[in-house]
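Undergrad: This is the structure I have questions about; it appears just below.
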Amino acid sequence: MQKLIAPSLLSADFLNLGNDVEMINKSEADWFHCDIMDGRFVPNISFGIPVIQAIKKQAKKPLDVHLMIVEPEKYFEAFAKAGADIITFHYEASTHIHRSVQQIKDLGLKAGVVLNPHTSVTLLEDIISDLDVVLLMSVNPGFGGQKFIERTYEKIKKLRSMIAEQNAHALIEVDGGVNTTNAPLLFEAGADVLVAGNAVFKSENPTETIKLLKN
Ligand code: DX5
Ligand code: ZN
């Protein structure tokens, strides 16, 4: 089992984004988590392709692009060109998940599916062996700084056994309300990657918080 940390730039200082990118480069963090929101799939708008391009110029670690948008398949190529290394899109926003996963892989990227808190992990039974990542939302997507939904632990455990049963390789990523208190419990339950926005960027020492989350 891996223990990866993906700070979410949604909580970064957009006026001085370069400083935060550099902080992550120098920290023990593993991925840059980039939250793309369209104001339709989620009730919020974040940032888009030009910002990903700018981050890519300075980032020394993979860009994990979380698409919270309707018709995500229309934008895979644009995000790949902008510098995404991993693209995850929502189960709830997609009709042809198998095709979409292949499209992302054909672009040379890692592909993942995201589940909202209400979506059962059992729905992934027939696609799990094709996935590089499953991102479990532990809050309702749209905003940083929300309260962690406790039910997530059960979902991680269930997904972990499904992955083992099918001998699949997907990483389990958890996103929303992650902090230094629940991080060890999430890793223990079987998570491989933890996303953290507020916990990192609103802390006094973000570099130290990343280290604490990881260890
Ligand atoms: C929520 C986003 C998250 C968010 C996490 O819609 O997908 O990545 O930035 O923020 P925190 O860690 O503050 O809950
Ligand atoms: Zn996210």
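The values are calculated or read from the model by the stated rules, or taken from the named source; none is laboratory data. Just so it is clear, the model here is predicted, and its values are computed rather than measured. Neighbour counts are summed over all protein chains in view; Cβ atoms, including those assigned to glycine, are modelled from backbone coordinates with ideal geometry. Side chains included, ligands, DNA and RNA excluded: accessible areas come from the protein's heavy atoms. Shrake-Rupley method; radii C 1.70, N 1.55, O 1.52, S 1.80 Å.
Undergrad: Do we find a residue being within 16 Å of ligand 2 (Cβ to nearest atom) and of a type in the set (Ser, Thr, Tyr) anywhere in region 113-120? If you could, list the steps in order and put the result at the bottom.
TA: Let us first name the residues in region 113-120 that are within 16 Å of ligand 2 (Cβ to nearest atom), namely 113-117, 119.
Subsequent filtering for residues that are of a type in the set (Ser, Thr, Tyr) retains 119.
Yes: one or more hits.
Undergrad: So, one more: Filter region 157-180 down to residues that are under 30 Å from Asn198 (Cα atoms) and either hydrophobic (A, V, I, L, M, F, W, C) or within 16 Å of ligand 2 (Cβ to nearest atom) (or both), then give me how many there are.
TA: The number of residues fulfilling the criteria is 12.
Undergrad: Would you tally the residues in region 184-199 being open to solvent by 30 Å² or more (accessible area, probe 1.4 Å) and over 14 Å from Tyr153 (Cα atoms)? Working first, answer last.
TA: Taking region 184-199 as the starting set, the residues that turn out to be open to solvent by 30 Å² or more (accessible area, probe 1.4 Å) are 184-185, 188, 198.
From what is left, the residues that are over 14 Å from Tyr153 (Cα atoms) are 198.
The number of residues fulfilling the criteria is 1.
Undergrad: Would region 49-59 turn up any residue that is in contact with a Cys (Cβ under 9 Å, 6 or more places away or on another chain), within 22 Å of Tyr91 (Cα to Cα) and free of Cβ contacts under 8 Å to residues at least 40 places away in the same chain? So that I can check it myself, show each step before the final result.
TA: Step one: list which residues in region 49-59 are in contact with a Cys (Cβ under 9 Å, 6 or more places away or on another chain), which gives 51-52, 55.
Among the residues that remain, those that are also within 22 Å of Tyr91 (Cα to Cα) are: none.
No, region 49-59 has no match at all.
Undergrad: Picking from Lys61, Lys57, Lys105, Lys74, which residue would you name as being farther than 24 Å from Pro43 by Cβ and out of contact with any strand residue (DSSP E or B) (no Cβ under 8 Å at 6 or more places or on another chain)? Steps first, please.
TA: Details: Lys61 fails: out of contact with any strand residue (DSSP E or B) (no Cβ under 8 Å at 6 or more places or on another chain); Lys105 fails: out of contact with any strand residue (DSSP E or B) (no Cβ under 8 Å at 6 or more places or on another chain); Lys74 fails: farther than 24 Å from Pro43 by Cβ.
Being farther than 24 Å from Pro43 by Cβ and out of contact with any strand residue (DSSP E or B) (no Cβ under 8 Å at 6 or more places or on another chain) holds for just one of Lys61, Lys57, Lys105, Lys74, which is Lys57.
Undergrad: Tell me which residues, restricted to region 158-183, are under 18 Å from the mean Cα position of the chain (by Cα) and open to solvent by 20 Å² or more (accessible area, probe 1.4 Å).
TA: Arg160, His169, Leu171, Gly177, Asn179, Thr180 - these are the residues of region 158-183 that are under 18 Å from the mean Cα position of the chain (by Cα) and open to solvent by 20 Å² or more (accessible area, probe 1.4 Å).
Undergrad: On the basis of being in a loop (DSSP other than H, G, I, E, B) and within 22 Å of Lys110 (Cα to Cα), does Ala168 make the cut?
TA: Values: in a loop (DSSP other than H, G, I, E, B): yes; within 22 Å of Lys110 (Cα to Cα): yes.
Spelling it out, Ala168 is indeed in a loop (DSSP other than H, G, I, E, B) and within 22 Å of Lys110 (Cα to Cα).
Undergrad: Could you list, ordered by first residue, the pairs with Cβ atoms under 8 Å in which the first is in region 133-160 and in contact (Cβ under 8 Å) with a residue 24 or more places away in the chain and the second is basic (Lys, Arg) and assigned to a loop (DSSP other than H, G, I, E, B), at least 6 apart or interchain?
TA: Close Cβ pairs (under 8 Å, with a partner that is basic (Lys, Arg) and assigned to a loop (DSSP other than H, G, I, E, B)) amount to Val139/Lys147; Gly145/Lys202.
Here is a yes/no grid of residues against (1) over 22 Å from Met37 (Cα atoms); (2) in contact with a helix residue (DSSP H, G or I) (Cβ under 8 Å, 6 or more places away or on another chain); (3) open to solvent by less than 10 Å² (accessible area, probe 1.4 Å); (4) away from ligand 1 (no atom under 16 Å from the Cβ):
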site: Asp106; (1), (2), (3), (4): yes, no, no, yes
site: Lys110; (1), (2), (3), (4): no, yes, no, yes
site: Asn116; (1), (2), (3), (4): no, yes, no, no
site: Leu123; (1), (2), (3), (4): yes, yes, no, yes
site: Val133; (1), (2), (3), (4): no, no, yes, no
site: Leu136; (1), (2), (3), (4): no, yes, yes, no
site: Gly142; (1), (2), (3), (4): no, no, yes, no
site: Arg151; (1), (2), (3), (4): yes, no, no, no
